[in-house]
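Working notes, structure below.
The values are calculated or read from the model by the stated rules, or taken from the named source; none is laboratory data. What you are looking at is a predicted structure, and each value in this text was computed from that prediction instead of being measured. All Cβ positions, even for glycine, are placed from backbone atoms using ideal geometry, and neighbour counts span all protein chains on display.
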Amino acid sequence: MLHNIDAEKIGPFGEPMEEAVRSCVHCGFCLAACPTYGELGQEADTPRGRIVLMKEVLEGALEMEEALPHLDACLGCLACEPACPSGVEYRNLISPFRALAEDQRERSIGEKLRRRLVSWTLPHPDRFRVAARMASLARPLASTLPGSMRAMLELLPSSLPRARKLQERYEAQGAHRATVALLSGCAQQVMDPDINMATIEVLTRWGVEVLVPREQTCCGALSWHVGDHRAAKEFARRNLEAFPEVDAVITNAAGCGSGVQEYPLILKGTNDEGRAEELADRVMDISVYLERLGLPGEIPESGQRTTIAYHDACHLANGQSVSSEPRRLLQRIPGVELVELRDAHLCCGSAGTYNIDQPEVAYSLGEQKARAVMRSGAQVVASGNIGCLTQLKMHLVKLNSGIKVRHTVQILRDAITGK
Ligand code: SF4
Ligand code: SF4
């Protein structure tokens with residue numbers, strides 16, 4: 001697309017943003033892939049429309065306020081990237097744009113308070129646990145609260161699972177095959193700490209020593225995707241210090257893995273850009289790592305037949321191009337039949353804090369995904385991201401479905417251990 005963007009004036013993000021705008025040929029192949037086009041039905045709520053809006057703001061031809069409602073409605077699901085024949089890297093445009101916009105936009109006091117509350121709690125498991133316990137007391141009042149507050153409360157379970165304290169090191173069982181470090185996540189440690197325990201159990205049983213660096217912090221993806229560049233840089237730098245030289249850095253939350261892979265962009269133009277690239281190269285989803293490592297033996301036959309629907313988390317399938325590995329792992333389990341979901345490419349509406357920021361669209365997408373799971377005939381739905389798992393659980397319960405919602409690695413652990 002022709003443009004008059006002054007990349008130098010923008011700073012370190014100028015070049016990748018200009019490249020994303022320039023490589024868009026306006027063909028519209030991405031429209032059908034975009035969930036917000038399906039929901040809102042306007043050109044301005046498509047990838048192509050948003051690219052034009054961002055281009056015009058960057059050129060100075062459009063006021064920021066006119067573009068923001070459509071850019072705020074973007075899930076950041078990146079479904080537009082694999083759909084694009086010109087290879088537009090939309091992620092290099094939307095998150096830097098949000099970071100630039102944050103310095104210029106006016107937010108209401110209510111919005112500022114909500115953002116402050118989210119950024120003070122969600123990335124910090126101890127604070128989030130306390131906040132979630134307090135919030136669960138307010139659940140009976142949920143129907144009387146405004147949309148975003150109601151959405152926050154509805155996502156919380158009526159009781160939180162017991163907190164699990166992670167050790168700094170877990171020894172490999174049997175012959176030592178490798179040493180990895182685990183990015184333990186934030187909200188996931190509160191909402192479903194068993195996911196980390198399952199990850200550690202599978203890895204150690206497969207001969208992998210697991211380190212859990214104590215100094216690690218939130219990956220910063222939540223901050224980055226809502227335009228808080230300062231916080232995202234701070235989290236990224238702390239993790240660059242925290243993770244040692246190991247064979248791989250393992251993530252079991254799609255959003256975190258994709259977030260670390262964006263460190264080179266977050267730290268672009270700083271002295272840490274090279275180190276960010278090194279860490280981004282070493283970070284890997286648990287499903288990819290296990291597939292590369294290979295099964296050390298057969299998974300025992302349980303005698304049960306289970307139909308599993310696999311839901312692609314956007315930041316795994318689109319953000320990291322990982323979709324076949326988790327499916328192959330599940331198919332290795334004797335008795336498992338894997339089924340595909342209708343409109344599988346559509347986001348479930350969780351998307352970081354989107355549930356809170358855009359509750360109506362998030363709710364509609366979540367309900368559609370839960371209905372697709374129910375139509376699939378599956379007894380279990382698997383995914384690789386805590387946000388998706390929480391969203392699916394909430395909507396399946398609302399629809400009175402008894403379908404179980406599990407992380408891929410929990411299903412694998414249960415099959416290996418015979419639980
Ligand atoms: S498919 Fe790619 S090139 Fe075509 S309009 Fe969408 S972003 Fe632009
Ligand atoms: S990131 Fe998702 S919601 Fe945003 S433009 Fe791309 S496909 Fe649409």
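For residues that are more than 20 Å from VAL130 (Cα to Cα) and not in a strand (DSSP E or B), tally how many sit in the stretch 161-180. Spell out how you get there, then give the answer.
Let us first name the residues in the stretch 161-180 that are more than 20 Å from VAL130 (Cα to Cα), namely 167-180.
From what is left, the residues that are not in a strand (DSSP E or B) are 167-168, 171-177.
Matching residues across the stretch 161-180 total 9.
So which of GLY76, GLY110, GLY87 is within 16 Å of ligand 2 (Cβ to nearest atom) and either in a helix (DSSP H, G or I) or surrounded by fewer than 18 Cβ atoms within 10 Å (Cβ to Cβ) (or both)?
Working: GLY76 fails: either in a helix (DSSP H, G or I) or surrounded by fewer than 18 Cβ atoms within 10 Å (Cβ to Cβ) (or both); GLY110 fails: within 16 Å of ligand 2 (Cβ to nearest atom).
That would be GLY87, the only listed residue that is within 16 Å of ligand 2 (Cβ to nearest atom) and either in a helix (DSSP H, G or I) or surrounded by fewer than 18 Cβ atoms within 10 Å (Cβ to Cβ) (or both).
Name the one entry in GLN216, GLN189 that is among the polar types (S, T, N, Q), in contact with a Pro (Cβ under 6 Å, 6 or more places away or on another chain) and over 21 Å from PHE97 (Cβ atoms). Walk me through how you get there before you give the answer.
Values: GLN216 fails: in contact with a Pro (Cβ under 6 Å, 6 or more places away or on another chain).
Within the list GLN216, GLN189, the selection yields GLN189.
Restricting to the stretch 312-357, count the residues that are aliphatic (A, V, I, L, M) and in a helix (DSSP H, G or I). Walk me through how you get there before you give the answer.
Of all residues in the stretch 312-357, those aliphatic (A, V, I, L, M) come to 313, 316-317, 322, 329-330, 333, 336, 338-339, 341, 344, 346, 351, 356.
Checking which are in a helix (DSSP H, G or I) leaves us with 316-317, 329-330, 356.
So the count comes out to 5.
Restricting attention to the stretch 18-34, and to residues there that are of a type in the set (A, V, I, L, M) and within 15 Å of ligand 2 (Cβ to nearest atom), which single residue is nearest to LEU58 (Cα to Cα)?
Pass one, the stretch 18-34, residues of a type in the set (A, V, I, L, M): 20-21, 25, 31-33.
Right, trim to within 15 Å of ligand 2 (Cβ to nearest atom) and you get 20-21, 31-33.
Working: ALA20: 13, VAL21: 10, LEU31: 22, ALA32: 26, ALA33: 25 Å.
Looking at residues that are of a type in the set (A, V, I, L, M) and within 15 Å of ligand 2 (Cβ to nearest atom), I get VAL21.
Does ALA138 fit the bill of being outside the structural domain of ILE356 (by TED's automatic domain parsing), surrounded by 15 or more Cβ atoms within 10 Å (Cβ to Cβ) and modelled with pLDDT under 85? Before the answer, list the steps.
Values: outside the structural domain of ILE356 (by TED's automatic domain parsing): yes; surrounded by 15 or more Cβ atoms within 10 Å (Cβ to Cβ): no; modelled with pLDDT under 85: yes.
No.
Can we say VAL380 is at pLDDT 95 or above, β-branched (Val, Ile, Thr) and in contact with a Gly (Cβ under 8 Å, 6 or more places away or on another chain)? Spell out the reasoning first.
Values: at pLDDT 95 or above: yes; β-branched (Val, Ile, Thr): yes; in contact with a Gly (Cβ under 8 Å, 6 or more places away or on another chain): no.
Criteria not met by VAL380.
Can you pull out every residue in the stretch 10-47 that is within 9 Å of ligand 1 (Cβ to nearest atom) and of a type in the set (Val, Ile, Thr)?
Listed by number, the residues that qualify are VAL25, THR46.
Restricting the search to the stretch 25-55, which residues are of a type outside the set (Val, Ile, Thr), crowded, with 22+ Cβ neighbours inside 10 Å and not in a helix (DSSP H, G or I)?
The answer is CYS30, CYS34.
Tell me which helices (runs of 4 or more DSSP H) are completely within the stretch 181-243 and hold 1 or more residues being over 15 Å from the mean Cα position of the chain (by Cα) and surrounded by fewer than 24 Cβ atoms within 10 Å (Cβ to Cβ), or say none if there are none. Before you say what the answer is, go through the steps one by one.
Numbers: elements: 187-191, 194-205, 221-225, 229-242.
Counting at least 1 such residues, we get 194-205, 229-242.
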